Amino acid sequence: MREIIRNKIVDSITASAPQFTLRDVRLPNIKGKVKAVIGIRRSGKSTYLWQVILEKLKQKARRENLLYFSFEDERLAGIKNTDLQLLVEEYYTLYPEMRDKNNVVFIFDEIQVVPGWETFARRVLDTEKIELFISGSSAKLLSREVATSMRGRAMEVPIHPFSFREYLRHLGREPEKEIKHLKKSERSRLEKDLNEYLLYGGFPETIGASRRDKYELLKGYIDTVLLRDVIERHQVTHPIALRWMVRQFLSNAAGLFSINKFYNDLRSQGIPIAKDTLHEYLSYLDDAFLIRTISLAGGSERRRMVNPRKVYPIDMGFINLFAFSDRANLGHALETSVMIELERRGGEIAYIRNSTGTEIDFLVRFPDGHFELIQVCADLDDPVAQKREINSLLDGLSEHKYASAHLILLKPNLLLEVPKKIKLHQASNWLLNED
């Protein structure tokens, strides 16, 4: 094991970074904390760790100060947490002049395969002058058990599939100037790219693939997450119920989900399962980043728990796996993309049910403390829909006077008149954070 670890260290220090698209990821700037890079499989976590290395090199770090070590290697099968100290010893044997320096960075990818890695991570932070990054395939890294064992020493760095800006950057079409200064042809190209993004999502590997290959890749991602990050990890005893739950979420993206209703549906199909088990399955899917959920805003914790939650897939591409019409799901895809973008921006997100019975897609509190009410629509050509959506926001403003109101549309409606209290956004502008 010592020889394998030494060889991997040498190979890592001499390796060249792969080609990749730069990600817009916020990195916490707090010393003495582990940076835990988490996210759904195939979202680009390992690639982002190479971006960290290149950014450190731009800051004049020496290459030998930056160790990227992947534990997803068959030669490391059976590695124990006691073997992890060999990694530190071998690194400083090769580079003794680096010891007790503040500019050494250890990047441990897929470290969760080593049982008891948390104890090692805490100890190496306390005994060596290093900056430590860790990565894994699911949110297990920062679940309650791991966070407790790390004793508050970890901060999360979430990696999502590409944002719309990152998607354009990957295609080589990121706008070099503000959208308002684009030519008509450039604007049309941008809107076409947005439609493709909403239909097929932002997983890096799917971009440029044929439509059939996109679907095969996305189905494979779901199957892998369910098998490895949920069924195997948590020893799920009712995989059929779990798969029905996932199908329900993806075929009804941005919809309300009630455990009680789903429980009754399963019973009517002759599938015996406890409600507590369904609650656990929901938390497992959220931990694996396959879905994101938001609760009803306001009131007591009990009120939030008993009311249905809105459920979103982590990527819009998942929606069309169970759809019969691309167009029918464009509104759900847009709402999903907005919700995930709000999460990227650090928002605390809930949905609103006004006292009048109307609903608002999102109430968001941002890190700077300001609140926004946000309604999302693919289009508002129907006068009845216009009145409903605008009145919902006005009702929300009367009950949440501290918030501003925003209406996000996929396509502009030149005939649409909105009260001055409501700010109208075109989706492409909003997703690029230019509006």
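The values are calculated or read from the model by the stated rules, or taken from the named source; none is laboratory data. Nothing here was measured: the structure is a model prediction, and the numbers come from that model. Using ideal geometry, Cβ is built from the backbone for each residue, glycine included, and neighbour counts are taken over all protein chains shown. Just so you know, the surface numbers come from the protein's heavy atoms only, side chains and all, with ligands and any DNA or RNA stripped out. Shrake-Rupley method; radii C 1.70, N 1.55, O 1.52, S 1.80 Å.
A few notes on this one:
- Relative packing of peptides 199-212, 54-67 - highest average C-beta neighbours within 10 Å first: 199-212, 54-67
- In the set (1) -0.39, -1.10; (2) -0.35, -1.10; (3) -0.34, -1.00, the label that goes with log10 I(q)/I(0) by the Debye sum over Cα atoms at q = 0.07, 0.12 Å⁻¹ computed for this structure is (1).
- Share of carbon and sulfur in the accessible area of segment 317-435 stands at 52%, probe radius 1.4 Å.
- Annotation: for a label point projected 7 angstrom from Cα along Cα→Cβ of Asn195, residues of segment 351-381 with backbone N closer than 16 Å are 378-380.
- Linear extension gain, Tyr402 paired with Thr224, 0.36 nm per residue minus alpha-carbon span: 59.7 nm
- In this label model, Lys275 and Gln59 are separated by 5.0 nm, measuring between points 7 Å along each Cα→Cβ vector.
- Segment 101-222, accessible surface, carbon-and-sulfur percent (1.4 angstrom probe): 48 percent
- As a calculated quantity, the FRET efficiency between Thr356 and Asp435 at R0 = 41 Å, using C-beta atoms, amounts to about 0.90.
- Rounded to 0.05, the FRET efficiency of the Lys101 and Arg26 pair, given R0 = 22 Å and the Cβ-Cβ distance, is 0.25.
- Degrees, to the nearest 10: 330-344 long Cα axis against longest axis of the chain: 50 degrees
- Rolling a 1.4 Å probe over the protein heavy atoms gives the chain an accessible area of 48 Å² per residue.
- Signed unit charges on C-beta, dipole axis of segment 250-303, positive-most listed residue Leu278, Leu266, Gly298: Gly298
- Phi to ³J(HN,Hα) by Karplus 6.51 cos²θ - 1.76 cosθ + 1.60 over segment 36-44, Hz, x for Gly, Pro: 9, 8, 10, x, 5, 4, 6, 8, x
- Across the accessible surface of segment 38-93, with the other protein chains kept in place and a 1.4 Å probe, carbon and sulfur atoms take up 47 percent.
- Legend: distances between Cα atoms for Lys60/Lys101; Lys31/Lys101; Lys192/Lys310; Lys192/Lys219; pairs beyond 26 Å are Lys192/Lys310.
- For the chain, the mean residue ellipticity at 222 nm estimated from helices alone is -12000 deg cm²/dmol, where every DSSP H run of n ≥ 4 contributes -39500 (n - 2.57) and the total is divided by all residues, rounded to the nearest 500.
- Acute angle (nearest 10 degrees) that the helix 184-200 long axis makes with the longest principal axis of the chain, alpha-carbon atoms: 70 degrees
- Helix 84-94 axis, angle to the chain major axis (alpha carbon atoms, nearest 10°): 60 degrees
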